[in-house]
Each structure stands twice: as structure tokens, then as C-alpha cells.
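I have placed the structure first, in the form of C-alpha cells, so that the comments after it can refer back to it.
The values are calculated or read from the model by the stated rules, or taken from the named source; none is laboratory data. Predicted model, so just to flag it, every value in this text is computed and none were measured. Here the Cβ is made from the backbone with ideal geometry for all residues, glycine too, and neighbour counts use every protein chain on show. Just the protein is used for accessible areas: all its heavy atoms, side chains included, with ligands, DNA and RNA removed. Shrake-Rupley method; radii C 1.70, N 1.55, O 1.52, S 1.80 Å.
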Amino acid sequence: METVERVETRGVVTLNQAIERLVVSKKLCNLRPTYIKGLEAYLKQFANGRGDTPLDAFDVFSIESWLAGREEALTTRASNIGRLSSLFSFAERRGWIVKNPCRQLERIHLEPSPPRILTVSQCETLMRWVQKHRPRAMAFVSLALFAGVRPQETERIDWSAYKDGKVVIDAAASKVRRRRVVDLHDTARAWVEASKDSPLPMTGITRRRFLAAARELLGWTAWPQDVLRHTAASFLMAVHKDAGLVADWLGNSPGILLTHYRQLVSAEEAAAFWAIKP
């Protein structure tokens, strides 16, 4: 069993040692492996070339300078500051440093922008292509595009999750570790029923290969993050007009739905989207 070594004296813990202990602690707290992997990878980038530096040698200026040298979008930078802050807060709680220097960084102000979604025409093109050329991916695409199931959640559920036109995402499968029941729209139900021969769960590597092919189909240089789920949220909001209900199905808060997905598509576009049938 992994344990965290006890270190009493402030200043003796190096950056590499702190990262190693943080990762072990996160594993002991039963956090998602994907989260831990991403956290560790980013912190190792931060430690590159200076991993043996005592942790208390880092201050707000050195962190700010390092961040300034990276070409990152503001949303990415804000997320990564959170990763750095988790390391220094962990060290502060252990008594290895006096205070977390990330708390002295200037706050990044983000301008909310509408999420990128697929057009109705792109949805139609994608589903016909999947139906004909990628039938083993149909369950994943149907659940993501018409029900807003997260990609990682399709790696953790099997066909027992679907019954009587509903999909149950158990707490163990949910990103937010909260059970939810998604009541499928008739169109979503039709696509899921037509997908019964495709496998669930869908492995991450299979999904990534599929998305690379789908990106080429649509003529994109990169696949927009969570574009299928964002599309589902937009068209679910358009047809139901109930942020609380849709948020419950998606595992979001109503505030997120109202901020990002309200009135992204017209009634005519919503009608055309939900008319796409197998």
C-alpha cells in the first residue's frame, strides 16, 4: 500500500518530492486516474530542470514568470494555475512551506463565450457516416450527441445502464460522482436502439481513433473539446426549455446551462436536429 512519507522540517522538501507525495495522496483519496495523470504530467512540466529545488524557494514572481513564458489560452492558464495551487496548498497543509504563493497571483478574468457546437447539417453528415462506416461507434456517438453523456462516462458504463428509454449513469461512472438518470428523447432512443451491436464501454483509445476520423470527415484540423456534449446540451435546451431538467440529465448546474446554452439554436434548427433518425 502506498503511503506518504512524513517530513517535519520546512525547506527540506524538493519540488520533485512534493509532487511525488501529492500524487500518492491523491490516489489514496480515490480521485479519478485521468485527473491524477493529467495533474502529474503538468506538474512534471513545471519541475523540468529544477526538480531538486527546495519547494520553499518558489514565490509568486517565479511562478508568474514561468506562466508568462508559456503560450496558453486564458482558460487553460486558469486551469493550470489550479493545478499548481493544489501542489502548494498540499505543501502548506503539510507544513513544508509557510503559504501557497499561487494565492498571490492576479486573478484571471475570463470572458464567457458560447461553446462550439455542430450544425444540424454536420450532425446529419456525422450520423449517416457513423451508421455506414463506423457502426461500432454508434452507441458512443448516440449517447454523446443526443443525450450529452460525457466521453469518459461511456468508458465506464455497459449496456446494462440502458433500460426502458433511460440511461443510468451511476456515481462510479459519473465525472461528478453523482448518480443521474437520463430520460432519452425519442430521437436519442431510436439511435441507441439502433446501436445495440456496438460495444459499451468504449475504450479511450478507440474513441480517440474514431474522433480523429470524424475530424477528417468534417474537415477540421482539431476536434473541439466536448463538442458532441455541447451540441446535445444546446438542442436539449431548445426543445425542453427547462434548465433544471436538462441540467439534471447532464450532471450540470442550471446556472451553467443558462449561461452557456440558452438560445444557441433556433426552434427551426432544433426541429431539424431532432428529426434526424436512423
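Below is a table of values for the structure above.
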quantity: Carbon/sulfur fraction of accessible area - region 68-197, other protein chains in place, 1.4 Å, %; calculated: 47 percent
quantity: K277 versus K163: modelled label distance in nm, points set 7 Å from Cα along the beta carbon direction; calculated: 2.8 nm
quantity: Simple Cβ-charge dipole of region 56-108, Lys/Arg +1 and Asp/Glu -1, about Cα centre, in debye nearest 20; calculated: 240 debye
quantity: FRET efficiency for S253 and V24, using Cβ-Cβ distance with R0 set to 51 Å, rounded to 0.05; calculated: 0.95
quantity: 5 angstrom amide H check on L118, placed H, neighbours 5+ away; calculated: T231
quantity: FRET efficiency estimate (nearest 0.05) - Cβ-Cβ, V181 to A41, R0 35 angstrom; calculated: 0.55
quantity: Extension reserve of the A212-S79 stretch, reckoned as 0.36 nm per residue once the Cα distance is removed; calculated: 45.4 nm
quantity: With Cα atoms, 0 to 90° folded angle of helix 204-218 axis to the chain main axis; calculated: 60 degrees
quantity: Sites D59 and H109 - FRET efficiency at Förster radius 41 Å, r taken between beta-carbons, to 0.05; calculated: 0.95
quantity: Counted charge near M202, where neighbours are those whose Cβ lies closer than 11 Å (Asp, Glu -1; Lys, Arg +1); calculated: +2
quantity: Along principal axes, Cα extents of the chain, largest first, whole Å; calculated: 65, 42, 36
quantity: Probe 1.4 Å, accessible area per residue of the chain, Å²; calculated: 54 Å²
quantity: Computed magnitude of the charge dipole of the chain (debye, nearest 20; Cβ of K, R +1, Cβ of D, E -1); calculated: 460 debye
